[in-house]
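S.K.: Handing you this structure, nothing more for now.
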Amino acid sequence: MGKFDLNGYVEAKNHSVVIGGLFPIHSRTIPVNESVLEPVSAKCDFLFRFNFRGFRWMKTMIHTIKEINERKDILPNHTLGYQIFDSCFTISKVMESSLVFLTGQEENKPNLRNSTGAYLAGIVGSGGSALSIAASKVLGLYYMPQMGYASTCSVLSDKYQFPSYFRTTASDTKQSQAMVKLIQHFGWVWVGTIAADDDYGKYGVKVFKEKLENANLCIAFSEIIPKVYSNEKMQKAVNAVKSSTAKVIVLFASDLDLSPFVMEMVYHNITDRTWIASEAWITSALIAKPEYFPYFGGSIGFAIPRHDIPGLKEFLYDVHPSKDPNDVLTIEFWQTAFNCTWPNSSVPYNIDHRVNMTGKEDRLSAMSDQMCTGEEKLEDLNNTYLDVSQLRITNNVRQAVYALVHALDHLTRCEEGEGPFLPAHSCAYIPTFEPWQLSFYLKTVKFTTHDGEKMELDENGDLKQGYYDLLNWQLDDNGEIAFVKVGEYKFRASKFELIFTKKSAIFWNTESSRLPHSVCTDVCPPGTRKGLRQGEPVCCFDCIPCADGYVSEKPGQRECTQCTEDYWSNAQKSKCVLKEVEFLALDEALGFTLVILSIFGALVVLAVMVVYVLYRHTPLVKANDRELSFLLQLSLIITVLSSMLFIGKPHNWSCLARQVTLALGFSLCLSCILGKTISLFFAYRISKSKTTLISMHPLCRKLIVLISVLVQTGISTAYLVLEPPRIYKNIESQNVKIILECDEGSIEFLCIMFGLDVFLAFLCFLTTFVARQLPDNYYEGKCITFGMLVFFIVWISFVPAYLSTKGKFKVAVEIFAILASSYGLLGCIFAPKCFIILLRPKRNTDETVGGRVPTIDKSIQLTSASVSSELNNTMVSTVLDD
């Protein structure tokens, strides 16, 4: 029967149980000749790169087993053997090794049966995730415990598919979470991913994408590195890196799979990228070479924690081909390390492998011209095998062995009748236990490592707690790449924490040596909002300015926030600011001018009043009711000064007072004028009458004033009590301003109140218009007529002007109308009389003002002044003869 072509180390005699091991000493197998029909086990390619790192892992397992056999506190009555194979980093070799572990046979036609040698307790291995998945699918059928030391693929946590798989390294689920935390910490939102074309790369990127999307971050591109070199696929990945705007790229691949891609980056001279490394290559000596530093320097990633292993360094140095002529792996190690050929050895000399840019391989199969003497010194070497400064996965190998041993130790300490198995709480014993029974103990294994750390697995066979080292690639003083620890990522069952210890020491391989900037679109500044682009990731968006009245105070807001009613957006739309409060202020030019006009008007009226008081006994002042003239002057003072209630910041009291005061002032003013015009009207009727006697008592004119004022007072009181005006913030007229004005309350009451004034004005105009033809030396009838015309013109013009303006100018229009109408009445009624009193005193006589003639002279008509004077003296009794 054909044999599997397997290489490794076996020590199984005189041992109670054996622990299997799978390690990648080589990187591939030699392709089988397809012309041969008979199935043949593929051979490891000895001419391909020898993996010093994998060789160290394997030696560590042997060292750990020997250490345990010397201890008396663990498995005191049993010893351990080992059976270790080279997986050649290929699934076929892993499957062959798994079958050998299960059957104890090395035939390539398996007949599953129990081993006739030492009992197999479990297996440590088998390197990469794809290899462990392949092995576990076979070993899991028999619940054979498999303890992984470097396989981080998240799918291995699925106990339905892999019921007997356990590991001493963290799952990629935790590593992906750590990567996302790192990306969030540095503000990167636009990230590319590149993964190896195997289970490790695909599942790693899958979990990473899920975590990234949950954090609202985006994938710029996602490409695959082919396992078997393909120029087309490789160029696709290279072009994605070259053309993308993403400056931060996550690499999920082993160092062996990554090597061709690294050479492509060098060939295309792609720099200014920050690489986030997975634990599989962040500490790899294969990639961490000084010649690659311009392209991969500054790489940052999470690594398995570094530990020191007592006695390992001495054990690693205790290796020599002369100890076992059949130890092909040691011979190959010696030949490769010292660049020589061991005497009488059939092991071919290993020449390093390169892949050129055309995808063709340059392979040399030859024996070295230099012969090994055996006197070569390992102390002179500087390679990965002897480097014990970065024992990371190596320590995981040690802990994997210890986990199996502690489970075996718990199994042996079981007391019959108190065991975990049915029936009757039975125990399992070495060497008759079933694999699933040891798996039971592995699920609850818990122990403290040599450096004081606790090792405990959860129900999925993963670490319950632990941490990653956060490493950054930097150049040391010797020009070599140093793995500088800048932080840690600690994880427990439900707690994750990213801690930086040397954040300022991080080296960024960018043109500016500063933190790289990796975004699809820069964060929208305050004053704008994010507008997503259809069909593109959420990290790609347009920055749309906020509408008026809306703001975004923080960068990157999805929506703009509307300002409250008292606030409005500033010019940058980044902050809500108090709206400008607008009212006709005293300290501005317009308000100040109107105040001056009001005060000036009041002073003018006071001056007229003083003139009237000083000349109160003269005929012109006494003419046409002196008392009404004084009341009229008082009312003009009220109306002129009432305009000042409209100026300044409105208050509730000013809103209550201003319209009422204005209405009452105009009511008093117009009722006084009405008293005068009625006298003129009667005089006109007398002049036209032949036989009619018309008489009117002077008190009647006072009653007209009193009644008018009382009616207006009643209406105003009802207005103030039932629907009073109040201060009002007008925000509808102008968005950017609050117009502080008075809400006049009931429009109906306001119309009734000023409607009375309009009615009085209309009566005044009608009566004086009829009496305008009376002969009068100072034309009082005509002056009142012109005054009322001015009054009507002003207020008729006021209506459209008032309705077409807003804010403080609306108030100014109303004040202007008040002042203009008041000035008009003052000028038309009192200016002519004051002119005569002060400048033409000779005309201020009874003859001139009264214009009296004998009553028998029918050819001379009465004047308004004479009628008024006569009415005052004779209780308004005027008679015309026929």
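S.K.: Answer yes if at least one residue in segment 544-551 is out of contact with any strand residue (DSSP E or B) (no Cβ under 6 Å at 6 or more places or on another chain), hydroxyl-bearing (S, T, Y) and open to solvent by 40 Å² or more (accessible area, probe 1.4 Å), and no otherwise.
M.R.: No - not one qualifying residue is present in segment 544-551.
S.K.: Output the qualifying pairs, or none if there are none: Cβ atoms under 6 angstrom, residues six or more apart or on different chains, first residue in segment 732-750 and within 17 Å of V811 (Cα to Cα), second residue among the β-branched types (V, I, T) and surrounded by 14 or more Cβ atoms within 10 Å (Cβ to Cβ).
M.R.: S733/I739; I738/I731
S.K.: Further, regarding this structure: So is Q557 modelled with pLDDT under 90, of a type outside the set (K, R), over 20 Å from G824 (Cα atoms) and surrounded by 16 or more Cβ atoms within 10 Å (Cβ to Cβ) or not?
M.R.: Against the criterion (modelled with pLDDT under 90, of a type outside the set (K, R), over 20 Å from G824 (Cα atoms) and surrounded by 16 or more Cβ atoms within 10 Å (Cβ to Cβ)), Q557 qualifies.
S.K.: When you look at N69, is it open to solvent by 20 Å² or more (accessible area, probe 1.4 Å), under 29 Å from E434 (Cβ atoms) and at pLDDT 90 or above, yes or no?
M.R.: When the stated conditions are applied, N69 passes them.
S.K.: Here is a further query. Would you mind stating whether T193 is among the polar types (S, T, N, Q) and surrounded by fewer than 24 Cβ atoms within 10 Å (Cβ to Cβ)?
M.R.: When the stated conditions are applied, T193 does not pass them.
S.K.: Does E107 qualify as being farther than 21 Å from A135 by Cα, touching a Gly at 6+ places or on another chain (Cβ under 8 Å) and at pLDDT below 90?
M.R.: When the stated conditions are applied, E107 does not pass them.
S.K.: Hey, can you tell me all the residues within segment 459-483 that are part of a strand (DSSP E or B) and crowded, with 17+ Cβ neighbours inside 10 Å?
M.R.: Result: L463, G466, Y467, Y468, D469, L470, L471, N472, W473, Q474, I481, F483.
S.K.: Still on this structure: Name the one entry in F447, F433 that is on the phi < 0 side of the Ramachandran plot, of a type in the set (F, W, Y), open to solvent by less than 40 Å² (accessible area, probe 1.4 Å) and not in a loop (DSSP other than H, G, I, E, B).
M.R.: It is F447.
S.K.: Name the residues in segment 560-578 that are farther than 13 Å from T528 by Cβ, hydrophobic (A, V, I, L, M, F, W, C) and open to solvent by less than 40 Å² (accessible area, probe 1.4 Å), would you?
M.R.: Selection gives C563, C576.
S.K.: Counting residues that are among the basic types (K, R) and either within 18 Å of I678 (Cβ to Cβ) or open to solvent by less than 70 Å² (accessible area, probe 1.4 Å) (or both), which helices (runs of 4 or more DSSP H) fully inside segment 735-841 reach at least 1?
M.R.: 780-804, 808-839
S.K.: Out of segment 387-430, which residues are buried (at least 21 other Cβ atoms within 10 Å of the Cβ), under 47 Å from the mean Cα position of the chain (by Cα) and hydroxyl-bearing (S, T, Y)?
M.R.: T394
S.K.: Could you look through segment 614-665, keep only residues that are without any contact (Cβ under 8 Å) to a residue 24 or more places away in the chain and within 18 Å of T717 (Cα to Cα), and pick out the one that is most open to solvent (accessible area, probe 1.4 Å)?
M.R.: W653
S.K.: Residues of segment 700-727 being at pLDDT 85 or above, surrounded by 15 or more Cβ atoms within 10 Å (Cβ to Cβ) and touching an Asp or Glu at 6+ places or on another chain (Cβ under 8 Å), which ones?
M.R.: Answer for segment 700-727, where residues must be at pLDDT 85 or above, surrounded by 15 or more Cβ atoms within 10 Å (Cβ to Cβ) and touching an Asp or Glu at 6+ places or on another chain (Cβ under 8 Å): Q712, P725, I727.
S.K.: Identify all residues within segment 165-190 that are assigned to a helix (DSSP H, G or I) and open to solvent by less than 10 Å² (accessible area, probe 1.4 Å); write none if there are none.
M.R.: D172, Q175, S176, A178, M179, V180, L182, I183
S.K.: Under 6 Å between Cβ atoms, at least 6 apart or on separate chains: pull out the pairs that start in segment 827-844 with a residue that is under 11 Å from V611 (Cβ atoms) and end on any residue that is open to solvent by 30 Å² or more (accessible area, probe 1.4 Å) and in a loop (DSSP other than H, G, I, E, B).
M.R.: Qualifying pairs under 6 Å: I837/Y615.
S.K.: Could you tell me whether F440 is surrounded by 16 or more Cβ atoms within 10 Å (Cβ to Cβ) and in contact with a Leu (Cβ under 7 Å, 6 or more places away or on another chain)?
M.R.: no
S.K.: Among the residues that make up segment 823-839, is at least one of them within 18 Å of F630 (Cα to Cα), modelled with pLDDT under 90, touching a Phe, Trp or Tyr at 6+ places or on another chain (Cβ under 6 Å) and not hydrophobic (A, V, I, L, M, F, W, C)?
M.R.: The answer is yes; a qualifying residue exists.
The values are calculated or read from the model by the stated rules, or taken from the named source; none is laboratory data. These figures come from a predicted structure and were not determined experimentally. Using ideal geometry, Cβ is built from the backbone for each residue, glycine included, and neighbour counts are taken over all protein chains shown. We work out accessible area using only protein heavy atoms, side chains counted, and drop any ligands, DNA or RNA first. Shrake-Rupley method; radii C 1.70, N 1.55, O 1.52, S 1.80 Å.
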